[in-house]
1. When you check B:LEU236 against the structure, is it open to solvent by less than 10 Å² (accessible area, probe 1.4 Å), within 10 Å of chain A (Cβ to nearest Cβ) and among the hydrophobic types (A, V, I, L, M, F, W, C), yes or no?
2. Would you mind finding the one in A:LEU85, A:LEU40 that is under 20 Å from A:GLY15 (Cβ atoms) and in contact (Cβ under 8 Å) with a residue 60 or more places away in the chain?
3. Of the conditions (1) modelled with pLDDT of 95 or more; (2) over 22 Å from the mean Cα position of the chain (by Cα), A:GLU4 satisfies every one except a single condition; which number is it?
4. What residue, among those in segment A:128-140 that are within 21 Å of B:TYR150 (Cα to Cα) and modelled with pLDDT of 95 or more, is nearest to the other protein chains (Cβ to nearest Cβ)?
5. Which one is most open to solvent (accessible area, probe 1.4 Å) among residues in segment B:156-172 that are more than 8 Å from chain A (Cβ to nearest Cβ) and not in a strand (DSSP E or B)?
6. If you scan segment B:176-230, which residues turn out to be open to solvent by less than 10 Å² (accessible area, probe 1.4 Å) and either small (Gly, Ala, Ser) or within 15 Å of B:THR164 (Cβ to Cβ) (or both)?
7. Restricting segment B:260-274 to residues that are open to solvent by less than 60 Å² (accessible area, probe 1.4 Å) and at pLDDT 95 or above, which is nearest to the other protein chains (Cβ to nearest Cβ)?
8. Of (1) within 8 Å of another protein chain (Cβ to nearest Cβ); (2) under 16 Å from the mean Cα position of the chain (by Cα); (3) hydroxyl-bearing (Ser, Thr, Tyr), A:TYR119 satisfies all except one. Which?
Number of protein chains: 2
Amino acid sequence: MASEVETFLGIDVGGGSIKASLIDRNGKLYQEEVEPINRLATNQEFLNHLKSLVNKFPDTVKKIGVGTPGPIDFDSGIIIHSSNLSNLSNFPIVAEISRITNKQVMFNNDANCAALGEYHFGNSKGINNLIVIALGTGLGCGWIYQGSIYNGFRGNGMEAGHTTIVKDGAVCGCGNKGCAESYFSTRGLVNRYKEQTGKSISNAKEFFKLIEENDIEAKRILSYAVEVLAELVRNLIHTVNPEKIVFVGGLTRSYSIYEVELKRKLKEIVFPVLWDNLIMEKGIEIAGAYGAASLCF
Amino acid sequence: MASEVETFLGIDVGGGSIKASLIDRNGKLYQEEVEPINRLATNQEFLNHLKSLVNKFPDTVKKIGVGTPGPIDFDSGIIIHSSNLSNLSNFPIVAEISRITNKQVMFNNDANCAALGEYHFGNSKGINNLIVIALGTGLGCGWIYQGSIYNGFRGNGMEAGHTTIVKDGAVCGCGNKGCAESYFSTRGLVNRYKEQTGKSISNAKEFFKLIEENDIEAKRILSYAVEVLAELVRNLIHTVNPEKIVFVGGLTRSYSIYEVELKRKLKEIVFPVLWDNLIMEKGIEIAGAYGAASLCF
């Protein structure tokens, strides 16, 4: 690696592993490492994994960016808790990585990192007002406004998955009722299917297999979930009026199944001047570690 | 008036009149005029009223700010239509006032002007991230972010009254279903009361008189509307995470009737870290013309 090129280390904390990529501003990859972690890892065990991973990279790294699932405390650089790493509690990830590496560490939640990654390395470079909606286990969201992640007053950014679309509707993982996430997310689809049929399915792949098999209940649940997603998109458009909305995450693998119906509904419910000028598309799935690295740019 | 002080003319277009105030940056009032207008005024008649009003002010005015009901075309300075001035159509208000006065004219919708007025002359000076919710005939909203009105990509700002809270709920004036405005606004309360009881009431004063008289249906409708308002506030907090929310508009005259219930519900449904840090209060009702003038600052 030429010593003149500035490189940035992106670290993406997931449920089963921590991934790290060393890239430059253009997204050129110099080194990539994966550290498997136990879902029951304690703070100390998690720290050992982090150390082992980070020490594989050269000391020439300019800065380090880290993305983790929430809830996080953005100001103090702490993972408060993670539903995928159940024994982790108030882990000061920024302080620990700084201590290990002596580098400046940038930090944000994984949805915000995904959004920033789409902005820098996807098809949305230069879009001044971009919302990225992550349709995965949950429903995450990140807003890139004027080239940076919009963090809001307390640094929680856009938690659009937990906005109410169906007052007094289905119970969400957050404890409230009728959140967008309780319908259009893997968790939402699986829970609604269980509720309606009594049958358990374990993931989105199984759910969309049922759709392919013309399962009446699955189709009804998806159709309602698409309407909820449309209402969420309407609310985001009528609230912050973005230039572009991009969908990422596991559920976009089936985007072609619901794209037409989603757009039909949106055309019906969004103010025409706003809908006609909006670009909406499926993203190109930038790796989380790239998004995390772009926190440093 | 000392000639050194810069003065700004604020023009507030309402349903029954156009009000204009000449003020300085500190909100000191130098002159105030009101021009009654006919609700059926045509573009030409409206223009004549505007001329008559504007010509009453001295030529030393630095700039002019205008606030009008929407929908407006922000970029081209046009009132597309106004539900209170039914014969007005695509009126180029910025170009006309510029032509009459030879001054620079700033323009925005009335809800945004109200928000900016609260920011400059209310109790929210210096709040970096302020949402003002106008509870009147409709439900308007303005977001002051880093000292300026947030206009979004197409200049429509925050149209939060037309975000969906009750999927497939009551029909709204905008033609969609379940918007916040179709519950918590004068129009919403009056229409829901008519729907439930078959009885017509003509304004918010009558509605809140029924509340005082312990009318069961009115109380049930208000209670549901307060829940909808709480869900709207939740959605705004989880979407843009403001530092402060201020309520203005006619329905805040009865704020003490629903304040406790609104806050109780919000404490239940908003993420604690966000609710605990939010300031929420009733505004001090800055005149629309002051808000319009502050577009020039």
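The values are calculated or read from the model by the stated rules, or taken from the named source; none is laboratory data. Because the structure is a prediction, the values reported are computed rather than measured. Here Cβ is always computed from backbone atoms with ideal geometry, including for glycine, and neighbour counts include all displayed protein chains. Accessible surface is based on the protein model in full, side chains and every heavy atom, while ligands, DNA and RNA are left aside. Shrake-Rupley method; radii C 1.70, N 1.55, O 1.52, S 1.80 Å.
1. Answer is yes for this residue.
2. Exactly one residue qualifies, and that residue is A:LEU85.
3. The single condition A:GLU4 does not satisfy is (1).
4. Restricting to residues being within 21 Å of B:TYR150 (Cα to Cα) and modelled with pLDDT of 95 or more, the top hit is A:ASN129.
5. The qualifying residue most open to solvent (accessible area, probe 1.4 Å) is B:ASP168.
6. B:GLY178, B:CYS179, B:ALA180, B:SER182, B:PHE184, B:SER185, B:GLY188, B:ALA218, B:ALA225, B:VAL228, B:LEU229, B:ALA230
7. The qualifying residue nearest to the other protein chains (Cβ to nearest Cβ) is B:ILE269.
8. It fails just one condition, (1).
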